[in-house]
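Single-structure report; data block below.
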Number of protein chains: 2
Amino acid sequence: MIKSKRLFYLLPRLLAFVATLSAAAVMATSHETVTFFAVMRFEAKYSDTPSFKYFMVVNAIATVYGFIALFLPLETMVWSLVVVLDLVITMLLISSISASTAIAHVGKKGYSQAGWLPVCDQVTKYCDHVTGALAAGFIGLITYTILLFYSIHTTILHPLFTEKPR
Amino acid sequence: MIKSKRLFYLLPRLLAFVATLSAAAVMATSHETVTFFAVMRFEAKYSDTPSFKYFMVVNAIATVYGFIALFLPLETMVWSLVVVLDLVITMLLISSISASTAIAHVGKKGYSQAGWLPVCDQVTKYCDHVTGALAAGFIGLITYTILLFYSIHTTILHPLFTEKPR
């Protein structure tokens, strides 16, 4: 029983760790330079967009936390702290993914009313990188959300679960 | 004791309700039309931007939920559901505020690398409206976050609190 519980704890955490690590790494390496008419040079890199920078930092924090969480003992009071930290990480991930998706959407579709043209036709490789990072970040977010709802289910809905072992 | 607990429950929920209602209403009424050189016409309205539309819908949902939550009895099993719904609303609010803030930031500062010029100098009234809506939404989010952490504090960290009254 304890063993299967441990497995149920470890597998999604491992997935979340890999997802946030990939998201941070793919975003950090996304840049592309294109030249128009041999004179105009456009360099697209993630660090120019505050939302993408925020996304990278949040996923890096989530990666470090995810790594530490893999080695935490399940049967101690530390676990209450894990629930709170899971919540904080989930909130940060939602926030950074939403902001980055909003910007990426304008990059892809443009916003003609404001005269903002789509840029993804020019910097295809860069856009693919950002899309990949967002997808990885999204997998991390979904995993943390499931972990969080599971924690709340086992603690708030079944309060006796959290009683200290005698 | 019960009375002060009820007050502690009602006051922040009333604040959250008013904040999300204001956020939805202010965003829904934000539009401005400007004319350049008597021929070029630029109409800025929230419904043209997916993020702002999402923000309006989420705050409207939060308003309806916040209104219902005001009348829920504190001492029943409904309360466990309130914690879960608080979490869902908080996540939706974070997501919509982050996406809208990212777009509003580009509207204010522009993003020169992609050729996206700031538009707030042209549609000042519209930008002020959106800023006001974001500020109200932010107050709602902070209130829900405090309520959520308080719930987790009283249930997960002190599991006996959730024992059913005899």
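The values are calculated or read from the model by the stated rules, or taken from the named source; none is laboratory data. In this text the structure is predicted, and so the values were computed from the model without any measurement. Here the Cβ is made from the backbone with ideal geometry for all residues, glycine too, and neighbour counts use every protein chain on show.
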If you check A:ARG13 against the conditions, is it basic (Lys, Arg) and either at pLDDT 85 or above or outside any strand (DSSP E or B) (or both)?
-> yes
Before we move on, is B:LYS108 more than 9 Å from every other protein chain (Cβ to nearest Cβ), surrounded by fewer than 17 Cβ atoms within 10 Å (Cβ to Cβ) and touching a strand residue (DSSP E or B) at 6+ places or on another chain (Cβ under 8 Å)?
-> no
Working only within the range A:111-157, note down all residues that are among the charged types (D, E, K, R) and either surrounded by 15 or more Cβ atoms within 10 Å (Cβ to Cβ) or under 20 Å from the mean Cα position of the chain (by Cα) (or both).
-> A:ASP128
Whichever residue in the range A:48-71 is within 14 Å of another protein chain (Cβ to nearest Cβ), more than 11 Å from the chain's Cα centre (by Cα) and surrounded by fewer than 20 Cβ atoms within 10 Å (Cβ to Cβ) and, among such residues, is modelled with the highest pLDDT | A:LYS53
Restricting attention to the range A:72-84, does a residue exist that is buried (at least 23 other Cβ atoms within 10 Å of the Cβ), of a type in the set (Gly, Ala, Ser) and within 14 Å of chain B (Cβ to nearest Cβ)?
-> no
Filter result (more than 9 Å from chain B (Cβ to nearest Cβ), in a helix (DSSP H, G or I) and not acidic (Asp, Glu)) within the range A:113-129 | A:THR124, A:LYS125, A:TYR126, A:CYS127, A:HIS129
